Each structure stands twice: as C-alpha cells, then as structure tokens.
Amino acid sequence: MEIIQIKASSFFELLKMKDTSMWEIFAQMLGEKEKEIVFLDDEEKILFNYILPNNLAQLNGDREKFSKEYSDKLSGLN
C-alpha cells in the first residue's frame, strides 16, 4: 500500500481556490493499488487518514457514507 501525506490546511485551501471537491481529486488518484492518504496538521501531526480504494464504485460508496455521517454530525450540533 502506498502512503501519501498531505498537509490538510493547504489541501483544503487549494480545493476552495479551485472550487473542486476532495472526492474529484481522490477519483483522479485511483489506481491498481490501494493508497493510504494521511492528513497532517501544520506541525505534521496526524489529523486523520483515509484508505483510498482502487475503484470508483467503492469511492462513491465512501463519499455517500461520509456525506451521511457529516450531515448527521451537523444536525446533532443544532
């Protein structure tokens, strides 16, 4: 498994500037091998990680699951 480290603040700022979804970027990264994406803070501490699957169907499933969990968390804050 390939490990890719990403500085979270820079990554999400770039997504905002390019008006692009992280899922679009992840789709471009799909390949034969699974990849672990490790998001780091500015001090290079691990914030979270994501195992990028090797196919688009599984990525779309992950996106739907993430969207539901995110929506549930937001509704719990209100």
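The values are calculated or read from the model by the stated rules, or taken from the named source; none is laboratory data. Since we're looking at a predicted model, the values are computed, not measured. Every residue, glycine among them, receives a Cβ derived from its backbone with ideal geometry; neighbour counts consider all protein chains shown.
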(request) Could you grab the pairs with beta carbons closer than 7 Å, sequence gap of 6+ or different chains, first residue in region 1-21 and farther than 21 Å from residue 31 by Cβ, second one surrounded by 12 or more Cβ atoms within 10 Å (Cβ to Cβ)? (result) 7/40; 8/39; 8/40; 8/47
(request) Give region 16-38 a look and list any residue that's more than 23 Å from residue 57 (Cβ to Cβ) and within 13 Å of the chain's Cα centre (by Cα), or say none. (result) 38
(request) For region 14-40, name all the residues that are at pLDDT 95 or above, acidic (Asp, Glu) and farther than 19 Å from residue 67 by Cβ. (result) 36
